[in-house]
Each structure stands twice: as C-alpha cells, then as structure tokens.
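Computed from the coordinates by the stated procedures, all read-outs in this text should not be read as laboratory data. Please read these numbers as outputs of a predicted model, since none were measured by experiment. Methodologically, a virtual Cβ is constructed for each residue, glycine included, from the backbone with ideal geometry; neighbour enumeration extends over all protein chains shown.
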Amino acid sequence: MAMTLAEKVFGSHLRDEPFPGTKVLGIDVVMCHEITTPIAINDLVARGKDRVFTPEKIKVVIDHVTPAKDTKTAQQGKIMRDWARRHNIKDFFDIGRNGVCHAIFPEKGFIRPGYTVIMGDSHTCTHGAFGAFAAGVGTTDLEVGILKGVCAFREPKTIRINIQGELPECVYAKDVILRVIKEMTVNGATDCVIEFHGDTVKKMSMESRMTLCKMAIEAGGTSGVCMPDEVTADYLWPFISSEYRDKKEALKEFRKWWSDEGSEYVKVIDIDVSGMEPQVTYGFKPDQVKNISEMEGTPVDQVYIGSCTNGRIEDMRVAAAYLKGRKIAPSVRGIVSPATPKVFRDADEEGIIRIFMDAGFCVTNPTCGACLGMSNGVLAPGEVCASTTNRNFNGRMGRGGMVHLMSPAMAAVTAIEGKISDPRKFSTEGIS
Amino acid sequence: MKEFGGKVLFLDRSDINTDEIIPAKYLTEISKEALKSHMLEDLKLDGFNPHAPSVREAKVVVTRANFGCGSSREHAPWVFEVNDINVVIASSFARIFRQNMFNCGMLAIELTEDMIDELFEHKGSDATVHIDFVNNRLTIESPKGKKTVDYMISQFDRALVEAGGWVEFADSKY
C-alpha cells in the first residue's frame, strides 16, 4: 500500500496502539529549552522519577532568555544546567555556545531523515525539512518523552503542497510560506502533516526549507516535511559520512522515506510562485497576508531580523546585501540576532556584522529575543515592528504592539526607509 | 479525576491564541500557581475584562474555532487549571492545546459550530454547564432555558482524563 513519509515514520517507530487511531511512537530526539522544560523536571523530581530514558537522545539549549535577565530566568537556567549535569546529558548548549533551538540543533547534525523529534516548542515542525516527523508538544508530553522516550499522536493525515515556478527576484521561502498560510488559513492544517513538493522546493537550500517547514504550525500543521534529497545529504554529510560509503548510498536510504506515488492526501494544493510579489502580514493572524504593493509605506518603529524562522546565515547575507553602504532611518530601531554562534561567526568573517553595525543596527547575541517579547526588543503600546519572525499575534512582541511578518530582504529595506518597503525597488551591492 | 462543570465564561471569537491566554512574559515562572492572576490578560475581545467577577467565577469556557493556536505552552491549560477551569468547549482546537488539556486530565470538548451557536444563545445570562462524563453528555442551563447535547471524545482522551493525565497513563504502561 502506498504510504506517505509520515505514515512510514509512524510505522517504523510504533511502540503501541493503546486504542484505535492512537499511535505511541518511540522518539529519536527529545529537545529541551529553558522555558518549557523546568516544570517537567521539577515534576519528575517531585514524583521521585528524576530519570532520563537515554541521555544521548536528549538535546538541551538555553535560548529564550540568555543571558538571564532576572532571578526567575536565572533559576530556569540553573534547573536546566543542574539537570543536564546530573544525567550526563552531553549535548547541552549553555551561554557562549547557545543559539536558537531550531537553528542550532540542525546545525549540529542532530536530525536525520525518518527520525521522530519532539520538543516543548511549537516550531519543532522546522526539523521536518530533513524528512523527519518533528512535532511541537506541551510540557507533559515532553516530560513523558524525557522519562520514557515515547509520545502519542493521532494517526497522521497529510496535506500535499506542490510549489512550482521560478522564484521571482526578491521573493524567498518566507514569502512562499506566508502565501501558503494565507491560502490554508490558520487552522487549515490542524492534525495534518504538510508535505512541501515541487521544483521550487527542490531548488531550495536546507535553510530555506527550514523556513518553509517552520511555519507549518501557523496553519495548524503538526509537522512540515520535505523529501530528503541531495540538498539534505550535502547538508548532513559532515555528520553522516562515517555511516555511509558515499552520498549515493545515503540518498538511497533517504529515498526510502519518500512518500510513495499514489499516497492518500486529505488535500492537494498547487501553488505557482512565478510572478508572485513579496508578501507581508497585516493584522494579528499569520494568515492575514498581503502583497507588498498593498502595504508599502506603513511606518515602523522597529525592525527585527532573526529568530528560528529567519536568523540563519542565508538570511543575514540577504539583509546585508541591501544594507551595505546604507543607513537605517533615524526613526527606526534596528535589531539583528544571528541565530547561532556559528551564524554570528560566519557573518563576522564575511563582514556582515560590520555592515549591520555601520547601517545602525544593534547586533545581539544568539537568542529567541524579541520574537516573543520575553527578553529584549519589547515593543511599547502602539509601536509597530517589521519582523522576520513567525507570529504577529496581538501582544506577541509586547502588549499593544503590532508586528508585520516579512522576509529579511523586506525587513532590511524597511529599516532603510522607516516604512514598509518593496525590496524590488532597491539595488543590492552584493557580497562576495 | 478532576471536577468538571460550573459557571460558563463565553469567549466569542475564533483563533484565540496561547499568547492571549497567558502572555510569554510569564513563562519565566516555574510554578503553575504563579500564573493564576494573569489568565487571558492579553485577550483581544471587545468589552472583555480579565479581572471581572464573571471571569474569576467561571469553571467552563465556551468559545469558537481553533482555540489555543500558536505556542505549545502548557501554561495555557495550567492557567485555566489553577483558576478551576477544567473544561473548554469549542468548535475546534489547535492540536497541541487540545492534547495538553487531556494530558493534564482536563476536558477539551469539540462540538459542531451549530451546537456552539446554541450554547452561545445563553451568553449574557448566568449560564452553567453540567458534564455527565460517563455518558459523554453536557447540559447548559440558564434563565434562558436548558439544553443537553452529546459530545464525543476519543477513547485515548477519555483514558487520559480517567488516569489523571498522560504521565500517569504512560507510567503505568511504558
């Protein structure tokens, strides 16, 4: 019988089916950060079950508020630190080595095609870009994951999105996914895995595919998924070269996870991106998306470039190409957070950090930062932020604030103009 | 098992997200009790006052589509739990929020939009919902009348509620 990627992953990881339609899966990677994990740890301690199922399969980072901003966040960090130490969890990324979870974990090579991944973070769907089933869960699911290495899901349903066409200039993965969410609405994919297919996706880098899969949750999706191919193998090769004779062999293995022809989909959506305009959100829901031509000229107070959605080196390069030799508007506060120490270092070596600083940006350490208004870059009531992040919810970046989601290119030119602007109207200096 | 039923809080809007239920700035708390006074603090809903007595007395939330979308934070069910709201009734839920509710031994009940409309007819009066968990049946009662409807939850979700949550269920089985 033809099976989707999710069905294959479920089949290969099935531990139990306690009731029809409920699948308890073995989990390959349990990721933890300091916001949703401490209460799970404290609960395990209180129950006298302070154990972890397999320390090697647990990956830990402090990323949401780092460095700690107050006693409470310092305590959260301490709980994580002490726990990782007492259970001998080696993959623990503390200050100086830490970055945004969904950027640093793929960068470290922790994800493989066919894996099951959970984290107490809704954007865990990012890791489906590698052909994995990766789902955000709550603290209780995380707690059971830590203790038992299992998690329960309903039988997976899959939506297939075929994306075709050459991406027009100044249109990126972020624009594509905003367009997809507009089409699907914020709950159009609830309880579904979203598969991204088509030539446009095949040509995308892993970074761009992660941006696509990342925002599957904004349409309600459980996981975003791309079929693992040469691009995946190239990205993972430094981590898997000892496991396969050559890339060809790796690809053959990856290929086994692909959704079969004739798989059953609950919905198939075709999107042609040729001729598409850069996209930007309005309102307080991520499906409220417009063409740039309808939003141009909206004044902004702050521009934020970063996050698990668009804080990778590719994003830094794009923004810097527009900012090189230019200054941001005096009315705008520009903040950029490279998502990981590696992104920061690479950006530094490529002269990108200098470009941001010369343009007038504040460069912060890798952190989730302003995206959810927890640590830095919080908006005052009535303020507007142009942001490369993933959610424009009411109050998301600070009570009474308004967030417009967009690509790093649009964010950069918006910073220059002080109002939402069309990157197609700007030349790029280009960075070699 | 938890106590289910009581006075109703009607939230007449779709797509209420978990940032509205409990803003991110309170996620630095490491106890559920500390969340208590911040329930629905950032909810965008005309005329809504999170500190009104009707909000504080509620035991059941009745709302529209895609409730609990956005962040995976279990702080959203927890802030209801510490305010003695153990039941949310909606025309649909975001997956993670729904699972978090059952994982905590709480009830997330999905009804059709028509049925939700009927429940909303009691809005503005002093409405109470009674839950008959054994028979999957709920009754809403107010000065405007009384209405009983059947609901469905999966066998797994029912087992989680009966066990007191997913930790208890999983611990006995895996």
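Computed on chain A, the Cα convex hull volume stands at 139 Å³ per residue. Per residue, the convex hull spanned by the Cα atoms of region A:160-292 measures out at 112 cubic angstrom.
Looking at region A:186-245, the GluC sites (Glu not before Pro) that sit in a DSSP loop and have at most 16 other Cβ atoms within 10 Å of their own Cβ are A:Glu243.
Just name one of A:Ser259, A:Gly398, A:Met227: the one whose Cα is farthest towards the positive end of the charge dipole of chain A (beta-carbon charges, Lys/Arg +1, Asp/Glu -1). Selected residue: A:Gly398.
The aspartates and glutamates within cross-link reach of A:Lys285, meaning a Cα-to-Cα straight distance under 16 Å and a gap of 8 or more places when in the same chain, are A:Asp175, A:Glu183, A:Glu218, B:Asp15, B:Asp19, B:Glu20, B:Asp42. Taking θ as phi - 60° and the Karplus parameters 6.51, -1.76 and 1.60, the scalar couplings of region A:8-16 work out to 5, 5, 4, x, 7, 10, 5, 9, 6 Hz in sequence order, x denoting glycine and proline. Distant-in-sequence amide contacts of A:Ile420, defined by a placed amide H-H separation under 5 Å and a gap of 5 or more residues or a different chain, comprise A:Gly297, A:Thr298, A:Val300. Here is the P(r) of region B:5-173: all C-alpha pair distances, binned every 5 Å from 0, give 2, 9, 18, 23, 22, 15, 8, 3, 1, 0 in whole percents. Just how large is the dipole of region A:241-390 about the Cα centre, in debye to the nearest 20, putting +1 at every Lys and Arg Cβ and -1 at every Asp and Glu Cβ? Approximately 460 debye in magnitude. When only the Cβ of Lys, Arg, Asp and Glu is charged (+1, +1, -1, -1), the dipole of the protein assembly as shown relative to its Cα centre reaches about 1140 debye. The charge dipole of region B:5-173, taken about its Cα centre with unit charges on the Cβ of Lys, Arg, Asp and Glu (plus for the first two, minus for the last two), comes to roughly 100 debye.
Between the amide H of B:Arg137 and those of B:Asp132, B:Tyr151, distances stay under 5 Å, these residues lying 5 or more places away or on another chain, with hydrogens modeled in the peptide plane.
Straight-line reach from A:Lys248: taking Cα to Cα under 18 Å and skipping same-chain neighbours fewer than 8 places apart, the aspartates and glutamates in range are A:Asp229, A:Glu230, A:Asp234.
Farthest towards the positive end of the charge dipole of the protein assembly as shown, among the residues A:Ile292, B:Val60, A:Thr364, is the Cα of A:Thr364, using unit charges on the Cβ of Lys, Arg, Asp and Glu. Amide H contacts for A:Lys59 (H built 1.01 Å from N in the peptide plane; partners 5 or more residues away or on another chain; cut-off under 5 Å): A:Val30, A:Met31, A:Cys32. Karplus-derived 3J(HN,Hα) values for region A:360-367, using 6.51 cos²θ - 1.76 cosθ + 1.60 with θ = phi - 60°, are x, 7, 8, 9, 9, 5, x, 6 Hz; glycine and proline are entered as x. Placing pseudo-labels 7 Å out from each Cα toward the beta carbon at B:Lys2 and B:His130 gives an inter-label distance of 2.2 nm. Take the Cβ-Cβ distance between B:Leu45 and A:Ala46 as r, set R0 to 22 Å, and report the resulting FRET efficiency rounded to the nearest 0.05. The value I calculate is 0.05. Over 27 Å apart at the Cα level, from the set A:Lys108/B:Lys173; A:Lys290/B:Lys25; B:Lys7/B:Lys44; A:Lys69/A:Lys324; A:Lys214/B:Lys173, are A:Lys108/B:Lys173; A:Lys290/B:Lys25; A:Lys69/A:Lys324; A:Lys214/B:Lys173. Once the Cα-Cα distance is subtracted from the 0.36 nm per residue extended length, the A:Lys90 to A:Gln164 segment shows a gain of 22.4 nm. Peptide B:60-72 is shielded by partner chain Cβ atoms: per residue, an average of 5 of them sit within 10 Å of its Cβ. Once the Cβ-Cβ distance of A:Arg245 and A:Asp348 is raised to the sixth power relative to R0 = 45 Å, the FRET efficiency obtained is 0.80. Across region A:224-239, computed HN-Hα scalar couplings (Karplus, 6.51 cos²θ - 1.76 cosθ + 1.60, θ = phi - 60°) run x, 9, 10, 6, x, 9, 4, 4, 5, 5, 4, 5, 7, 3, x, 9 Hz from first to last residue, x flagging Gly and Pro.
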